[in-house]
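Here's the structure, in structure tokens; my notes come after.
The values are calculated or read from the model by the stated rules, or taken from the named source; none is laboratory data. Predicted, not measured: the structure shown is a model, and the values here were computed from it. Neighbour counts are summed over all protein chains in view; Cβ atoms, including those assigned to glycine, are modelled from backbone coordinates with ideal geometry.
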Amino acid sequence: MKKLITPKYIPVITRLSGLLIMIGAFSVSSFAQQTNDWEGDGEIESMEIEIVKEREIKLPKANRNFDKIPPKPSDPSIKAPVTYDFRSFSFQAPQINPVVRPLKLKAESPSDIYAGFLRIGYGNYASPLLEGYINNKRDKNKLYGARFYHHSSGKGPVDGKNSGSGNTSLSVYGRSLSDALALSGNIGFENRTTHFYGYPQGEPIGKDSLKQSFNLIKLGGELTNSRNSDFSYKLGANFSYLADKYDARESEVGLAFKSGYEIDDDSRIDLKADYTVISRKDSRVDAKARSLFTVAPSFEFLPIEDLKLSIGLIAAFENDTIDSKSVHVYPNFKATYPLSPSVDAVGYISGGMDKVSLQSLSNENMWLAPNVAVFHTNRVLDFGAGLNARLGNKVSAHAGLSTTLLKNWYSYVNRPEDPSKFVTVYDRGTVRRNNLYVALSYVQSELAKFMVRGDFYGYDADDLSEVWHRPTTKLTANASINVYQKLIFTADIIAQGGMKALDPETGATVKLDGAFDLNFKAEYLFSPSFSAFVQLNNITSNKYPVFLNYPVRGFQALAGITWSF
């Protein structure tokens, strides 16, 4: 790369050039002289050259004083004219029609919706479990499916197979929806099996005479409106047929109607009506058909701010031979008033005719003797008051006291000639039942739930000396927790006491032992569709009696798997 020679180096270069020329010329002459000298005597004369640089370049200092331009003087005689212009301003914004787009949940794909479920398990006391159901895939216009359930125990708490029991059911159901109507129907079969194991200890009884089974066929349908409107209605019909091993037969036909009309936000009219006909035959009983018709109109309104009232009546028409009256009228009054934003006070006065059938009695007590008496219960008056509290959006509490007057109320007593079977006895007078209850519940979405309720009962019988086989204290508690959507723990407690029974031999009153039943269940989800479970019942192995001479099974363990498909 070539370098440029700046002007400040030109004089120096000029002087150096001249000096180099003089040295060159002198060298040439010296060389020539030396040549001559070589030719002469061959000697070189010594010389010294001295170059002295003393010149210094000096420049005068530059004058950098500049005069500033003075500002132009202002002229007060010159004034700018000021003018004002006032104009009316009219602005009209265009009408805004915002489009609100609500947040939508992500739609489940059809592959994530399970149409079937299967549960299989086995436990001690030779107890197999099989449960399954299958439905159609998601359809906004129809739903149909079937369910099967079987759980039995080959052995029981007394003499092994002599106290076995089981339950098997199969049902088919369907529902169809249109723009205005919804129609549903179902048909099912159920078999419940048990043994009369309440016989005296050591008494040999044949196995065939111990077994008892109930076969039930159900058929029902319902018609209702499918849209929310000011006027709603529901019309249903059902038929059932019950048969046991001891020639008891009972058929029941029922019609039910329910409607409501909402006048405005604060008032509405409701109407309920039910009609039932029950026909029964037994080995020594051929009872006439028992009919019961109940109608209950009511009017709900707000007479003053925050006070909600429902006023109506209940009329019942029946032909039970145990009561001379066939027409019964009851008040139907209910009031709700908020004491605070989170506490409501409620009160009611009501009554009615409670339907009693062989089917309802066998659901309570499967060890009934043949030809038991069956009559409806007259709930002459039902009065109650209580408080409902909401502690945030997760905790709720309830407490109350009620008094009920019951006429023709039944109790169970052991038959003297066969203590393993029960008959019904009716108090022809009026029994007063008092109930004090307290309940507390906590719900944390699907992650955690807790509920506990305690009931205290008091009875004042009329014709009978006691109300037999009815508890005076009862406690129920249930809790469940879901850990990381993988482990589900469930526990429940059932405790009751104060039941009394009539000794069939001596006629003395027997106080039954209290019941305490602790149950626990754990389920592990391997995937959303597959899990395994372990269920432990009666962990304390308390063989408390549910009825006189009928203890329950001790500790029970059941394990199995579930599969959704």
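For the stretch 358-375, check the following and say yes or no: at least one residue is over 28 Å from residue 192 (Cα atoms) and either surrounded by 16 or more Cβ atoms within 10 Å (Cβ to Cβ) or at pLDDT below 95 (or both).
No, the stretch 358-375 contains no residue that is over 28 Å from residue 192 (Cα atoms) and either surrounded by 16 or more Cβ atoms within 10 Å (Cβ to Cβ) or at pLDDT below 95 (or both).
Would you mind finding the one in 450, 383 that is closer than 22 Å to residue 335 by Cα and of a type in the set (Phe, Trp, Tyr)?
383
Given the structure, is residue 326 modelled with pLDDT under 95 and closer than 27 Å to residue 429 by Cβ?
yes
I need a count of the residues in the stretch 257-289 that are acidic (Asp, Glu), exposed (fewer than 13 other Cβ atoms within 10 Å of the Cβ) and not in a strand (DSSP E or B).
Residues meeting the conditions: 2.
Please find, among 339, 309, 292, the residue that is assigned to a strand (DSSP E or B) and in contact with a Phe, Trp or Tyr (Cβ under 7 Å, 6 or more places away or on another chain).
309
Do you know which of the residues in the stretch 430-461 that are loosely packed, with under 15 Cβ neighbours inside 10 Å and among the acidic types (Asp, Glu) is nearest to residue 397 (Cα to Cα)?
Per the criteria, the residue is 446.
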